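Participant: Sharing a structure here in structure tokens format.
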Amino acid sequence: MAARLATLLGRLERAAPRARPALARTLLARGDPWEAWQAPLDRLHTRAPERELALARVLEAEARRAHDRPLAARFALVGARALHRAGAPREAARALGRAARLLARSGEEGLALKARVLGVDALAHAGRVADALAEARRLRARLGGRTRRAWRAALAVNEAGALRLGGRVGEARRGFERAARAFDALGDRHSAAIARTNAAVACLDAGDGAGARRRLGRAIAAFEALGQPDMLLDARENLCCAHALEGALGEAIRGLEGLVAEQERRGLRRRAASARMDLADVLRRAGDRRAAARSARRAADELRRLGARAEEVEALWQAAQAEPEAAVRRRLRARARRAARRAARPGIALRCELLELDAALAAGRPPPAAALTHLGARARRAGEEGLAREAEVLLGQVAWAAGRAGPAAQAWRAALRGAVGRPWIRAAAETGLALVAAGRGETGAALARLRRVARFLDAVRHDLPGPWLRTAFVLQQLDPHLLRVDLLLDRGRPADRREAAALLGALGARRFLERVRPAPVGPEAALRRRLEAIYDRLAR
């Protein structure tokens, strides 16, 4: 029955708009039990929620025309959850509230509660975290008794999601884990694995890559045992993000490239676009900005065709971050920021603001320190702790460019204190503090910091696939190496000169300047001139 129903739904979806009402009436006249609709609709919900939404709307309209209020209310719920999955949380929150009222009036109390539980997540993603938490408290009071344990566990997952979006990451992780244990007690291994995947995402938000990997390992094993390939792909993508967070960029690139190929082969266009976004972020960190920008823009184009507005915003931000051409980068930043506001994605809007402030500094127009301080405070309130630390790093760079060593050191120390589990922010803060130490004449302390940074960067470079990408990474991360050579040569001890010669020899042996031809102007050209000057000094 379900297979036949799925075939008919496919016909309805492919039909011309004028033919759809008649087909929908024929489909509803079959009198299929509601349980038969679940499998085909769930499959669409996971893979193509925009198509599920179109079907739900035409079926709801025909059910209303037939005066079948309970059935119309059920399709209203299907369409509302599809809206949320498709990345329209504001509209989804309103639609779920409407569906809950329709279902309650039709006597469908259980489904009305389901709509309200889903509404908690939609409200949180729409930026209304306080409203989401208040609704969760009201629902908890109504979900008493042993018969509603599964609903209480589902509510716990959505409440924890609201806490995560509100910046309370530790509480969110504990909430997801409580929900996973509740699902385990109910024998629902699938929902327990989803809750653990969400707990792993909260760990990633907190900079705990090892914690994320442990939870994802359990979730992946469960999805494999249950034969849940779609959820398995989600967990594997998050595992790649955990590798990238810890600096294992090569592992992340290999995993994400495999995921993109597998998802495209299976026709999972939306998931492939999501993996392309993550791949763009990793490639940018690895130094291949052109490939990163291509990957992000391809993802944005695909998500636009699918109507996934919220995810398209994130892809545009990734493209703006990676794009090597300054004019194109400016246009992408402005476009991403406008789209983030329309799609209620405050985190992405804040990231676009930080990109603009960073670009102003690079162009010789240091932004006001107050703007960065304010942005960092807003990022913390939005639960974007990593973004707040990035703002502190940039605040230190602005102060240093203005010749204010004290405020620069203060900002970099604050970033370093919050860099537990965030090795990239730690490396940037350590490099900045090494500059401060060198300026004070504390050469030994500066070199100790730079050697710590070098150990991390060397580990990342060794893991990258292929010599070209390793070369691009070295070119992008020259500052700490060149500062270290400068300090060693300035100190002038025989052992220091030998260390400087060995470091320059290692850089020269890679022939990275021949392999990656820098642009005639810009920061790469400045780095090349600095390195050539060091070679001249060493020769003298």
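The values are calculated or read from the model by the stated rules, or taken from the named source; none is laboratory data. Only a predicted model underlies this, so the values are computations on that prediction, with no experimental measurement involved. Here the Cβ is made from the backbone with ideal geometry for all residues, glycine too, and neighbour counts use every protein chain on show. Just so you know, the surface numbers come from the protein's heavy atoms only, side chains and all, with ligands and any DNA or RNA stripped out. Shrake-Rupley method; radii C 1.70, N 1.55, O 1.52, S 1.80 Å.
Participant: As I understand it, the value is the acute angle between the Cα axis of helix 494-510 and the longest principal axis of the Cα atoms of the chain; what does it come to in degrees, rounded to 10?
Facilitator: Once rounded, one gets 50 degrees.
Participant: Which shape class, rounded, prolate or oblate, goes with the stretch 163-224 when its Cα gyration tensor gives a ≥ b ≥ c as root eigenvalues, a/c under 1.5 marks rounded, and past that a/b bigger than b/c marks prolate?
Facilitator: oblate
Participant: Quick one: Cα centre-to-centre distance for the stretch 111-175 and the stretch 203-231, in angstrom?
Facilitator: For the stretch 111-175 versus the stretch 203-231, the Cα centre distance is 21 Å.
Participant: Averaging the inverse of every distinct alpha carbon separation and then flipping it gives the Kirkwood radius. What is it for the stretch 205-311, in angstrom units?
Facilitator: Computed over the stretch 205-311, the radius equals 14.2 Å.
Participant: Let me ask you something else. At 1.4 Å probe size, with the rest of the protein present, what percent of the exposed accessible area of the chain is carbon and sulfur atoms?
Facilitator: Carbon plus sulfur share of accessible area: 51 percent.
Participant: Further, regarding this structure: Compute the Rg to Rh ratio over the stretch 52-152 from the alpha carbon atoms, using the Kirkwood formula for Rh, and round to two decimal places.
Facilitator: Reported Rg/Rh (Cα atoms, Kirkwood Rh): 0.99.
Participant: Right, something else. For the stretch 165-303, what relative contact order do you get, as a whole percent, if you take Cα pairs closer than 8 Å and at least 6 residues apart?
Facilitator: This gives 15 percent for the stretch 165-303.
Participant: Using DSSP loop states and a limit of at most 16 other Cβ atoms within 10 Å to flag GluC sites (Glu not before Pro), what is the longest stretch of the chain containing no flagged site?
Facilitator: 1-324
Participant: Which residue, chosen from Gly386, Ala501, Leu457, occupies the Cα position most advanced towards the positive end of the dipole of the chain, where the dipole is computed from +1 (Lys, Arg) and -1 (Asp, Glu) charges on Cβ about the Cα centre?
Facilitator: Going by the Cα projections, it comes out as Gly386.
Participant: Of Ala39, Ala61, Ala15, which is farthest along the charge dipole of the stretch 1-88 in the positive direction, counting Lys and Arg as +1 and Asp and Glu as -1 at C-beta?
Facilitator: Among Ala39, Ala61, Ala15, the one farthest towards the positive end of the dipole of the stretch 1-88 is Ala15.
Participant: Here is a further query. Rounded to the nearest 500, what is the chain's calculated 222 nm mean residue ellipticity when only DSSP H runs of at least 4 contribute -39500 (n - 2.57) each, over all residues?
Facilitator: -27500 deg cm²/dmol
Participant: How tilted is helix 89-105 with respect to the longest principal axis of the chain? Cα atoms for both, answer in degrees (0 to 90, nearest 10).
Facilitator: So the inclination is approximately 20 degrees.
Participant: Is the shape of the stretch 1-85 best called rounded, prolate or oblate, per the rule: a/c under 1.5 gives rounded, else a/b larger than b/c gives prolate, else oblate, with a ≥ b ≥ c the square roots of the Cα gyration tensor eigenvalues?
Facilitator: rounded
Participant: Using alpha carbons only, how many degrees (0 to 90, rounded to 10) separate the axis of helix 467-476 from the longest principal axis of the chain?
Facilitator: 70 degrees
Participant: Could you size up the charge dipole of the chain around its Cα centre, putting +1 on the beta carbon of Lys and Arg and -1 on that of Asp and Glu, and report it in debye to the nearest 20?
Facilitator: 960 debye
Participant: Only Lys, Arg, Asp and Glu count, each charged at its Cβ (+1, +1, -1, -1), so figure out the dipole size of the stretch 184-309 about its Cα centre, rounded to 20 debye.
Facilitator: Here the size comes out at about 540 debye.
Participant: If you don't mind, another one. Per-residue counts of other Cβ atoms within 10 Å, averaged by peptide: what ranking do you get for 64-71, 396-403, highest first?
Facilitator: Result, highest mean Cβ count within 10 Å first: 396-403, 64-71.
Participant: Just how much of His462 is accessible, in Å², when a 1.4 Å probe is used and the result is rounded to the nearest 10?
Facilitator: About 130 Å², rounded to the nearest 10.
Participant: Summing +1 for each Lys or Arg and -1 for each Asp or Glu, what net charge is found among the other residues whose Cβ lies under 13 Å from the Cβ of Asp184?
Facilitator: Around Asp184, the surrounding residues sum to +4.
Participant: Semi-axes of the equivalent ellipsoid of the chain: what are they in whole Å, largest first, if each equals the square root of 5 times a C-alpha gyration tensor eigenvalue?
Facilitator: 50, 24, 21
Participant: Further, regarding this structure: Heavy-atom accessible area per residue, the chain, 1.4 Å probe: how many Å²?
Facilitator: So the chain comes to 46 Å² accessible per residue, rounded to a whole number.
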